[in-house]
Amino acid sequence: MTASTTAQDATGVSVPPSQKVLHVREHCVEIVSDSGEGAQKCGQSFGAVCAKMGNGVWTVEIIPAEIQPPARTPAGASGVRIRFGTGPVTNGGNDAQLVVAFNEQVLLARLRANSLAEDAVILIENCWKDHDDETIRAAWKNAFETIGKRGFRIIEVPMEELCLTVVDDPRRGKNMFAFGMLAAVYDRDVERCKAQIAFTFRKKSQEIYDRNSKLFDLGHGWAKENLDFRIDIPTHAVEREMLVMNGNTALGMGAIASGMDLCSMYPITPATSVSHYLSDVFENAGGIVHQAEDEIAAAGVAIGASYAGKVAFTVTSGPGLALKTEFLGLATMTEVPLVVIDVQRGGPSTGLPTKVEQSDLLAVLWGQPGDAPKVIMAPSTIEECFHVVITARRIAETFRCVVFILSDANLATGVTPFPRPQTDPRWVAGPPDQSPVPEGLRPYDWDPRTGLSRRFVPGQPGGMYTLTGLVHDENSKVRYAPGVNENACEMRSRKIAVLQSTLQPPTPHGGDEGDVLVVGWGSTRGAIEEAVDIARAEGLAASSVNLTFLSPLEPGLRDLFSRFGAVMTVEVNYSDEKDAPYITDENRRRGQLCTLLRAQTLVDVDCWTRVPGAPLRPADILSAIRAKIAEGGRS
Amino acid sequence: MTATCTLTDCGTTPDTDYSMDDYQGPEARWCPGCGDHSVLSSVQRLLATHQMAPERTVFVSGIGCSSRFPHYLRTFGFHGIHGRALPVSVGVKLARPDLDVFAVMGDGDCCSIGAGHWIHATRYNVNMTVLLLDNNIYGLTKKQTSPTTPQGFKTNTQPRGSYLPALNPLTVTLGITNASFVAQTADWAPQHLYETLEAAYAHQGFSFVRIMQRCPVWTSILFQDAVRDPARVAVLVHERGIRDAGTEELHKHHIDHDPSDLDAARHLAEEGGMRLGLFYRDASCPRYEETRRQAAYTPAERIAVLEKEFDRHAV
């Protein structure tokens, strides 16, 4: 090693301190930098190595809203949180216990976001402390007036000084230095780390790999020599082969598996990375990503392709969903099968483009004018993001309907390992049916009991008909007679009930009865179940249930709810607080699933919802459960 | 109409023998005297001439009088939503390049609510035939100003006369990168209309045909002079253009125009006036559906790709 300075000990004495080993079952680490300094690459590499070594891992991206926010500002904080442990990890957790910060301003951002544990260890770049620029020195001093008041253990690290021995621009080197430090602190396998660096820079030259490998060694060496602690988190031997990816990649892989050939999209955060992934690989599998001229056209192209025989999908987020509305109504009305992936972000309007929210449920369910029944599914894990697309494609085709997949920004960018699925060729949709249409069969030959009918595809001899968004009869003829519209509405609606008849009642997590049942959907599942587990360990009679199907709702809910003293949804969308000014039981606007459950079950379901622009924390859900039980009785 | 079997073909009787009646749907319910009837007849003639299999032919439309078009044919039809015929057509063609696709739109459909798609579909240059039935008015919703309504023409939304100069669909289309076929014809020149459809169908690419179309109810006056006085109509003539002896005989005003000359085409379009003929054609423009075409695969092949992706993400 060439240098070994620390803030506490600037003597330059290069004696390895005796290291205290902290044994824990899990830890939560954050790496934060200015945008463009590569903290995300560092965090993802570290997370991948943890997964490969057999830890449960969940990562959460910390994303600034701008592409190039000003350097050294809280608004520009960019990075990643890695929660990892001996057992499975299903969510981003509560407070970070160790933070690597590339400057004091991004650290302030995390402090203000209440992300840091009171006794967090903070490894911070110290080049700003005695910087030539007086305003920077002042900013450091100022920030530490806040930071210093907390119970953090601050360890200053001469990252820039050391990185400059390898690279000219330390902005392009600190991330691998930080990776090296973390690898030393958590005793990660160096061989695996090097393999990860090779993977990260696989498209770059050997020289770039060598440089990054050297930076890693530098950080690793510094931590070994200068830190007086090490953190041990036991790993499990990996029994099943695991895959590691984020939810958007999993959705893209699901599309490949489902046999769909066309992803028609328009760029929108946080959905776009589904198409980034697919653009890279879809053509190897005979598919294409069509970047349409706008969100409306993206829906139209997918509908045109579906109509022509092969179910296609479009992927979007809130504002794009709003634009697609008319086309989605058309697909519903004409029974053109379609899969729509909505990776939800904060709204309304442009809202919180990069942040998580679950606010599109009712817009999807009721967003089209007229009665437009459809299927809505919400994957709750990254593994489910893969499987849900296969199921959605099948349902869309079988029921000739639109199937929405509601993911969100938390699943989109969260990374976690899951068991490698056993593939099945039956997942893959076959080529379009080109057989002659049997004599007498009509384009909407609804089975009067189920509403199901066989789809005619261009190319099928004898199948010619004109599809129309106007009210039509079984022959697809425009007819405005009252009975025609009533029958068509009934047939389209019936299909949803038929699908529900094939579903199983959901299994609650915890127990079958008790004081409170938490109902959730989508990405909150891990945090809710973790909160329920802690509550039960405390002796509270709490359970939870996660709904994958939101339309139709899964069967047996009223019966399930009746076995609990209170039922409460936990959601990442807005609801009025009960004790806020003007709010009464009658005018209170509740969470979206809550509203739906009250309407459908007539149970007095309560809700606890938040819109912090961040995933819900188990600790906060736990508090809500405790409060609900303390309230006693029904909501 | 019977398909002829030539020696250069296989020498056997073709197994299709479609007459114009075979493409006939329910009786068209446009107003008597509506120009759309004439377009429908020409299209049926085109279908029969080329013996297009009805089940492999798709007519996509938007909303408006002209968008009822698919209902009156016995092919596959897609009567969708206002302004969006082109995205749907692009989707059909991307999924099924083997199908013959026609898009039928009105001026409100194409030039107003769907104008964005018009620009981009022109640029995609997907192989399809596009009919803009331009009657200069919103007819179905009863006489509102459209982008192509002449300035000063009184409508229900602009009763003191349309405020702005009319948009010129030809200059717009000719201004778009990768535009490959632009022609203009009129519903009252049936033979020229037919020859134009022939040329449009033969062209491999996005064949944009603006058809000046009379609306007897709302805009009969707008085309009256041109219909009554052949001298008011000019015909573009060229050996590589659209030729019809009868039209050239009737309209003495000829403009010699080479349809491969884009600058001249833009200049001619800019001058406006009632001009029939082929403004521009370039068969070399790249076609999006060809560029993006993917080989078919078996489920096993697709699963093999998936397994490779799993390998890439395995730990």
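Only residues that are among the charged types (D, E, K, R) and touching a residue at least 12 places away in the same chain (Cβ under 8 Å): list them for region A:200-233, please.
Residues satisfying the conditions are A:ARG211, A:LYS214, A:ASP217, A:LYS224, A:GLU225, A:ASP228, A:ARG230, A:ASP232.
Anything in region A:274-283 that is among the small types (Gly, Ala, Ser) and either within 7 Å of chain B (Cβ to nearest Cβ) or free of Cβ contacts under 8 Å to residues at least 40 places away in the same chain (or both)? List them, or say none.
The answer is A:SER279, and nothing else.
If I filter region B:64-83 for residues that are crowded, with 24+ Cβ neighbours inside 10 Å, part of a loop (DSSP other than H, G, I, E, B) and touching a residue at least 60 places away in the same chain (Cβ under 8 Å), do I get at least one hit?
Yes, region B:64-83 contains at least one residue that is crowded, with 24+ Cβ neighbours inside 10 Å, part of a loop (DSSP other than H, G, I, E, B) and touching a residue at least 60 places away in the same chain (Cβ under 8 Å).
Only residues that are of a type in the set (Gly, Ala, Ser), crowded, with 24+ Cβ neighbours inside 10 Å and more than 9 Å from chain A (Cβ to nearest Cβ): list them for region B:87-113, please.
B:ALA103, B:GLY106, B:GLY108, listed by residue number.
Would you check which residues across region A:451-477 are open to solvent by 30 Å² or more (accessible area, probe 1.4 Å), among the charged types (D, E, K, R) and either within 22 Å of B:ILE81 (Cα to Cα) or facing another protein chain (nearest Cβ under 7 Å) (or both) and list them?
A:ARG455, A:GLU474, A:LYS477
Just a yes or no: is a residue in region A:280-297 small (Gly, Ala, Ser) and assigned to a strand (DSSP E or B)?
Scanning region A:280-297 turns up no residue that is small (Gly, Ala, Ser) and assigned to a strand (DSSP E or B).
Between a first residue in region B:109-132 that is charged (D, E, K, R) and a second residue that is surrounded by fewer than 24 Cβ atoms within 10 Å (Cβ to Cβ), which pairs have beta carbons less than 8 Å apart while being 6 or more apart in sequence or on different chains?
Hits for this filter: B:ASP109/B:HIS82; B:ARG123/B:ILE176; B:ARG123/B:THR177; B:ARG123/B:ASN178.
When you check B:ALA3 against the structure, is it in contact with an Asp or Glu (Cβ under 9 Å, 6 or more places away or on another chain), modelled with pLDDT under 95 and aliphatic (A, V, I, L, M), yes or no?
yes
Could you please find all residues in region B:148-188 being under 15 Å from B:PRO259 (Cα atoms), in a loop (DSSP other than H, G, I, E, B) and hydroxyl-bearing (Ser, Thr, Tyr)?
The answer is B:SER180, and nothing else.
Which numbered condition in (1) over 27 Å from the mean Cα position of the chain (by Cα); (2) farther than 29 Å from A:HIS387 by Cβ; (3) of a type outside the set (Phe, Trp, Tyr) is the only one that A:GLY556 fails?
Only one criterion in (1) over 27 Å from the mean Cα position of the chain (by Cα); (2) farther than 29 Å from A:HIS387 by Cβ; (3) of a type outside the set (Phe, Trp, Tyr) is unmet by A:GLY556, namely (2).
Within region A:70-79, is there a residue that is at positive phi and open to solvent by 10 Å² or more (accessible area, probe 1.4 Å)?
Yes.
A:LEU365 passes all but one of (1) on the phi < 0 side of the Ramachandran plot; (2) within 14 Å of chain B (Cβ to nearest Cβ); which number fails?
Among (1) on the phi < 0 side of the Ramachandran plot; (2) within 14 Å of chain B (Cβ to nearest Cβ), A:LEU365 violates only (2).
Find the helices (runs of 4 or more DSSP H) located wholly in region B:206-315 whose residues include 2 or more that are under 22 Å from the mean Cα position of the chain (by Cα) and either away from every other protein chain (no Cβ under 14 Å) or under 29 Å from B:GLY139 (Cα atoms) (or both), and list them.
The qualifying helices (runs of 4 or more DSSP H) are B:220-228, B:262-271.
For region A:405-443, what are the residues that are open to solvent by less than 40 Å² (accessible area, probe 1.4 Å), away from chain B (no Cβ under 14 Å) and not in a helix (DSSP H, G or I)?
Passing the criteria: A:ILE405, A:LEU406, A:SER407, A:ASP408, A:GLY414.
Would you mind stating whether A:VAL311 is within 14 Å of A:ILE341 (Cβ to Cβ), surrounded by fewer than 23 Cβ atoms within 10 Å (Cβ to Cβ) and in the same structural domain as A:SER407 (by TED's automatic domain parsing)?
For A:VAL311, the condition - within 14 Å of A:ILE341 (Cβ to Cβ), surrounded by fewer than 23 Cβ atoms within 10 Å (Cβ to Cβ) and in the same structural domain as A:SER407 (by TED's automatic domain parsing) - is not met.
Counting just the residues of region B:183-205 that are closer than 18 Å to B:GLY106 by Cβ and hydrophobic (A, V, I, L, M, F, W, C), which one comes out most open to solvent (accessible area, probe 1.4 Å)?
Once the filter is applied, the top-ranked residue is B:TRP188.
Let me spell it out: the conditions are (1) open to solvent by 10 Å² or more (accessible area, probe 1.4 Å); (2) within 11 Å of another protein chain (Cβ to nearest Cβ); (3) on the phi < 0 side of the Ramachandran plot, and A:GLY286 meets all of them except one. Which number is the exception?
Of everything listed in (1) open to solvent by 10 Å² or more (accessible area, probe 1.4 Å); (2) within 11 Å of another protein chain (Cβ to nearest Cβ); (3) on the phi < 0 side of the Ramachandran plot, A:GLY286 misses just condition (3).
Checking A:GLU125 against (1) of a type in the set (D, E, K, R); (2) under 21 Å from the mean Cα position of the chain (by Cα); (3) closer than 26 Å to A:ALA198 by Cα: exactly one of these is not met. Which one?
With respect to (1) of a type in the set (D, E, K, R); (2) under 21 Å from the mean Cα position of the chain (by Cα); (3) closer than 26 Å to A:ALA198 by Cα, A:GLU125 is out only on (2).
Quick one: would you say A:THR524 is surrounded by fewer than 16 Cβ atoms within 10 Å (Cβ to Cβ) and polar (S, T, N, Q)?
Judged against the criteria, A:THR524 is not a match.
Within region A:200-224, restricting attention to residues that are open to solvent by 20 Å² or more (accessible area, probe 1.4 Å) and of a type in the set (S, T, N, Q), which residue is nearest to the chain's Cα centre (by Cα)?
Step by step, filter region A:200-224, then rank; the result is A:THR200.
Of all residues in region B:22-42 being in a helix (DSSP H, G or I) and within 14 Å of chain A (Cβ to nearest Cβ), which is most open to solvent (accessible area, probe 1.4 Å)?
In this case the residue turns out to be B:ASP22.
Give me the residue from region A:225-249 that is within 14 Å of chain B (Cβ to nearest Cβ) and out of contact with any strand residue (DSSP E or B) (no Cβ under 8 Å at 6 or more places or on another chain) and, out of that set, least open to solvent (accessible area, probe 1.4 Å).
A:THR249
Among the residues of region A:341-357, are any within 11 Å of chain B (Cβ to nearest Cβ), among the basic types (Lys, Arg) and open to solvent by 20 Å² or more (accessible area, probe 1.4 Å)?
No, region A:341-357 has no match at all.
The values are calculated or read from the model by the stated rules, or taken from the named source; none is laboratory data. What you see is a predicted model; the values in this text were computed from it and never measured. Note that we place each Cβ from the backbone using ideal geometry, even for glycine, and neighbour counts take in every protein chain shown. For accessibility, only protein heavy atoms count, side chains too; no ligands or nucleic acids. Shrake-Rupley method; radii C 1.70, N 1.55, O 1.52, S 1.80 Å.
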